[in-house]
Amino acid sequence: METVHKTAGGRPELAVGETSIAMHAGIALYIGDSKTPAFEDGRSYLTDRALYYINDRAALGLPLRSINAAEYSAGILTRSAKITVRIDASGKHKDILQMQWKWVCPICSHVNTADLAADNDNIDITAQRPCVVCGIRSPDTVKASRKPAEIGSTDGATCPRCTFINHPSMPECEICGEPLKSRNLAPKLPPDSFKAILNDQQLHDFSQVTSIRLSFRQGGDKPFYSKLQSALRNISNCNSSTNLATETSIDTGRSTPRLGIHALEQLSLQQRAQTSAILSGALGDLDSLMQHAGKVVEVAQNLAKQMAIAPEGIVPKETQERFLEQASAMSLAVPSSISRNVTSNAHGYYREIARDLAEFLSLPQNSLRNTGGIMGLADLYASYNRARSLDLVSPHDLLHAVEEFKNLDLPVSLTTVAGVKVIQSEADARRAQQNLLKILQECPGSSVIQLAIKSQYSTAVVSAHLQILEDAARVCLDRAPTVLQYYINEFDSFIISRETISA
Amino acid sequence: MSYQYPKAYSYPPFFTKQPNPQTWQSQLQLWKDFIIDWSKFHRAYRLNPTSDIDLFHNQTIDRRLSPQVIDEILKYMTDNGSGEFDSKEFVIYWKSPEEWAESLYKWIESTGQISRVLTFKELKNAPDFNDIDQFVLRKAIQVLSKRGKAQIMKVDNVEAGVKFF
Amino acid sequence: MSYQYPKAYSYPPFFTKQPNPQTWQSQLQLWKDFIIDWSKFHRAYRLNPTSDIDLFHNQTIDRRLSPQVIDEILKYMTDNGSGEFDSKEFVIYWKSPEEWAESLYKWIESTGQISRVLTFKELKNAPDFNDIDQFVLRKAIQVLSKRGKAQIMKVDNVEAGVKFF
Amino acid sequence: MSRLGLASFDKSAKDAKQFSDLSSSLNQSRFKELANQLEVFQAALLQFATEHRDEIRNSPEFRSKFINMCHTIGVDPLATSANTNQGGSFWASLLGRDINDYYFQLAVKVVEACRATKDKNGGLMSMSDIITYLGNSNITESDIKNAIDSLHPLGGFDIIEFGSKRKKMVRSVPMQLSNDQSTLLGICQNIGYLSKTIISDNLQWNNLRISSALEDLVSSGLVWIDLQATEPRYYLPMLF
């Protein structure tokens, strides 16, 4: 039995081409016959190559090859069903027990995994690597807080260059990055849970373990057992046959080298069978997957809804931030009231697109001047992505990017004209209005469509500008029998000329 | 010498009520001035808003004011003291009752007819009063009586004439 | 291979001037493209709007364009540079004078006839020029002369030929 | 794609009660447990997508089913672009950038198709016409629907249905279709064209109602008129 690496998602990191067959939660792992608190509740994964046991404290894996036999004992009354697995402990697998450790950094609440190589006799905890995100080495005992001032100033590490009082465990100054003379913090013992194991000497050298027992507290034992049996049969067939490295993953690009024609035939045969099974199964899988997912997302959204009205104090800022980040990464339909405080790096990204957009609009052929200073967001989306042609930007991101214009003091702003979301450049809009006035000067009584043809602006843009000019009393209209026509507003000049006569 | 129509009269938007309030105000004013100017030239005292509407219809550019807009203009003129309705017809004050009253009193004084009673008919001998509209004349007299410079004399409750002081 | 009429040709409203100005604009454009496409296929240079109107008359669906609408379309094409009237007939530029001028000059260069005088008839030997319409050819030459690449030579005031530079 | 009813969340009267329940239920551990669940879901989905990456990419039917499935559970895979600097959205890594690009490219083409034909059809174009216009056979109507849904944040594009055949039309111009207008467009789809007699026979409307509805349709460019029939006929625009 060896420990394995876990993916960020808490699943065993599978080898190339390893496909998972079954997974069940609510399982307790007995080492030999005795229970261990660390493995009270976890998930068991079965793949075509190994049996894994994972919970938030540890990740153990047992290659199917080293399993001699698996026995099933049904659950009676309170005793839950169990599967006992006999292991060939002939030492074929000299492993170094590697426990994998997961700890949440109290500063930035990033989940780190640390490797603690513990070979048989001494437990040597290689110096814990600092938290990947914020670089703080996090002995559990230090109650870190962002504001260094809180802890005694003598305790803080003042930065030699900018005299900023840093948090004692900061490797370099938060402000100017000057490396602080890092006082070598004695590697503290890992979190208490690990100590528990050390105390009650439960920790075995797994390589000597001859049998483990999986106790199914939440049912699902029978299907898991039958799949385990069939997986073991496959492995034994493979052992007996030419030890063929069957390539089961679809993505042939990463296939392992094949051996001879015979192998090739069998491979393509198997693959065709595999893909058709998968394709038909896929949708089935998809449905079952989505059912499960639906529940999770629903819970997430209910919580998001409650967090929307939670007063600031109830949910700590960092956890809310982390949840938001996760939710937005999965683009959960998080209520807008929450997503307004979109995490900072999202803003950074939107500002990136906004700058790119501004550049795009500065090119003469794209300038808003051509369209009368106004462009609908959908049209912008089409022409901008047409120009990008690769790595297209989603409508949702484009909208957020356009909203960033005001922060970059670009002369373009997001507004709504006649119910349509548009971007408008004040300068070009005024220029367009002057242009329309000039056309009306030359041909008074033009209709919207005539103005649109002469100015090359869209009819929507022309009517928007006419509305503005009318509000400013620069233009007035004539409801001719069939069509609405526009004139330069000359009423005032009539009044003045009238006064000269009657004065 | 035929009447000189103002430039606005051949400006098509003149016949469309302008949505912009500011423009509409100047439009109202222009219509008022035009109507006064036109009726002064033609010494027309009365206007029937439903029948004589050729004033509001420019054949050459085929544009006309809609009845509602005509009403709004006449209401504007009433508020503005440049005319008022005498039942169905609209009386246009291209010369205001005050102006009429003043020139009437000046004539009474210059012809030494203070404290004499004159019939309505005799008053029409005043300069420029020959074709004065009865309604307007009466308004002028009211102005003078309010100023205590004239009084309508009644004989067994029938208006006989006016006495000036 | 017979001419493929566009789908619009069998769409009855295509033969009625659309009241909506925007729709009418796109209808004009459709007719222009159709006329150009049709004449290019048939290498027809001229069109008499009053006589050869079968182009504007779809027997199968019994719809035809009225003469006024035909005129509006031809006027639109003129403004748009896709043709012009040569007295009664309308010359269709399914290939614009500029394009003709370019291919003519390329041929003159490639055949080393720069600075030689060629008669109009000889010009028809240029590729694709065999059935070129006289009016269009002349237009092409005008384009070249404006660019200083060609000049019409006259002999005792009669056009004899064209010299290229 | 409307949010999962969250928009209708009513903050008003029941806040007080909500707070008391909330403080008791919403504590650190519950939240942590949820975070775990989210991670398991992400991992399971990632695992699934890596296994079925080719199906998702190649079969349009599978692709739109996958995306519709995501919509039903309130997850919008097309919401974020592929290369957000958060290392690419979860979905981009899941679906692969070319899926995102596929739908965003389609959205671009739909916008262009509607713009190009706006003058001829008044900004109302049938889904089938769009597919013909785009000339690419394996685009399905649900692909177009997903593309248009993704345009939702930008506004200006939506899908309306009318007529007994519930024909889907894409509307790219802000217009308010009155009921009368939609009914007439529906009939026009079935019969091929409209005329005053056809309408009065089918709907028994009075003349004023008929002519004003027809006039509205013409003035908004939604129908073309043919005056050379026995009586004026009104046709739906065609994809010329």
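The values are calculated or read from the model by the stated rules, or taken from the named source; none is laboratory data. Note that the structure is predicted; figures quoted are calculated from it, not measured. Cβ coordinates were reconstructed from backbone atoms using ideal geometry, including for glycine residues, and neighbour counts include every protein chain displayed.
Out of the residues in the range A:378-400 that are among the hydrophobic types (A, V, I, L, M, F, W, C) and in a loop (DSSP other than H, G, I, E, B), which is farthest from the other protein chains (Cβ to nearest Cβ)?
Applying the first criterion (among the hydrophobic types (A, V, I, L, M, F, W, C)) to the range A:378-400 yields A:378, A:380, A:382, A:387, A:390, A:392-393, A:398-399.
Those still in the list that are in a loop (DSSP other than H, G, I, E, B) too: A:390, A:392-393.
Numbers: A:LEU390: 7, A:LEU392: 4, A:VAL393: 5 Å.
For the range A:378-400, the residue satisfying everything is A:LEU390.
Considering only the range D:171-183, I want to know if a residue exists there that is out of contact with any Lys or Arg (no Cβ under 7 Å at 6 or more places or on another chain), at negative phi, at pLDDT 90 or above and hydrophobic (A, V, I, L, M, F, W, C).
No.
I'd like to verify a number: residues in the range D:98-126 that are among the polar types (S, T, N, Q) and crowded, with 21+ Cβ neighbours inside 10 Å, how many? Spell out how you get there, then give the answer.
Step one: of the range D:98-126, the residues among the polar types (S, T, N, Q) are D:100, D:105, D:117, D:121, D:126.
Still in the list and also crowded, with 21+ Cβ neighbours inside 10 Å: D:100, D:117, D:121.
Summing the residues that are among the polar types (S, T, N, Q) and crowded, with 21+ Cβ neighbours inside 10 Å in the range D:98-126 gives 3.
Results for (1) within 14 Å of chain A (Cβ to nearest Cβ); (2) surrounded by 14 or more Cβ atoms within 10 Å (Cβ to Cβ); (3) of a type in the set (D, E, K, R), shown as yes or no for each residue.
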| position | (1), (2), (3) |
| --- | --- |
| D:LEU154 | yes, yes, no |
| D:GLY163 | no, yes, no |
| D:LYS168 | no, yes, yes |
| D:SER182 | no, yes, no |
| D:CYS188 | no, yes, no |
| D:TYR193 | no, yes, no |
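Go through B:TRP31, B:TRP100, B:TRP24 for me and flag whichever is within 13 Å of chain A (Cβ to nearest Cβ) and crowded, with 20+ Cβ neighbours inside 10 Å. Spell out the reasoning first.
Values: B:TRP100 fails: within 13 Å of chain A (Cβ to nearest Cβ); B:TRP24 fails: crowded, with 20+ Cβ neighbours inside 10 Å.
Every option except B:TRP31 fails the conditions.
Exactly one of (1) of a type in the set (A, V, I, L, M); (2) closer than 30 Å to B:ASN130 by Cα; (3) within 13 Å of chain A (Cβ to nearest Cβ) is unmet by B:ALA44. Its number?
Of (1) of a type in the set (A, V, I, L, M); (2) closer than 30 Å to B:ASN130 by Cα; (3) within 13 Å of chain A (Cβ to nearest Cβ), only one is false for B:ALA44: (3).
Just for helices (runs of 4 or more DSSP H) wholly inside the range C:1-113: which have at least 1 residues that are more than 19 Å from the chain's Cα centre (by Cα) and of a type in the set (Phe, Trp, Tyr)? Can you show your working first?
Details: elements: C:21-41, C:67-79, C:97-110.
By residue number, C:21-41, C:97-110.
In the range B:39-82, what count of residues is obtained for those that are touching a residue at least 40 places away in the same chain (Cβ under 8 Å) and farther than 24 Å from B:PRO12 by Cβ?
Final tally of qualifying residues: 8.
Report the residue count in the range D:144-192 for those that are among the aromatic types (Phe, Trp, Tyr) and either assigned by TED's automatic domain parsing to the domain that holds D:TRP205 or under 29 Å from D:LEU208 (Cβ atoms) (or both). Quick ask: steps written out before the conclusion?
Of the range D:144-192, the ones among the aromatic types (Phe, Trp, Tyr) are D:157, D:162.
This time we only want the ones that are either assigned by TED's automatic domain parsing to the domain that holds D:TRP205 or under 29 Å from D:LEU208 (Cβ atoms) (or both), so: D:162.
So the count comes out to 1.
Identify, please: which residue in the range A:416-434 is crowded, with 19+ Cβ neighbours inside 10 Å and over 43 Å from the mean Cα position of the chain (by Cα) and is, among those, farthest from A:LEU466 (Cα to Cα)?
The selected residue is A:ALA432.
Among (1) at pLDDT 90 or above; (2) touching a Gly at 6+ places or on another chain (Cβ under 7 Å); (3) of a type in the set (Val, Ile, Thr), there is one condition B:VAL136 misses while meeting the rest; what is its number?
Checking B:VAL136 against (1) at pLDDT 90 or above; (2) touching a Gly at 6+ places or on another chain (Cβ under 7 Å); (3) of a type in the set (Val, Ile, Thr), the one that fails is (2).
Within the group D:SER219, D:SER211, which residue is among the hydroxyl-bearing types (Ser, Thr, Tyr), more than 21 Å from the chain's Cα centre (by Cα) and within 12 Å of chain C (Cβ to nearest Cβ)? Explain how you work it out, then say what you get.
Working: D:SER211 fails: within 12 Å of chain C (Cβ to nearest Cβ).
Residue meeting the stated conditions: D:SER219.
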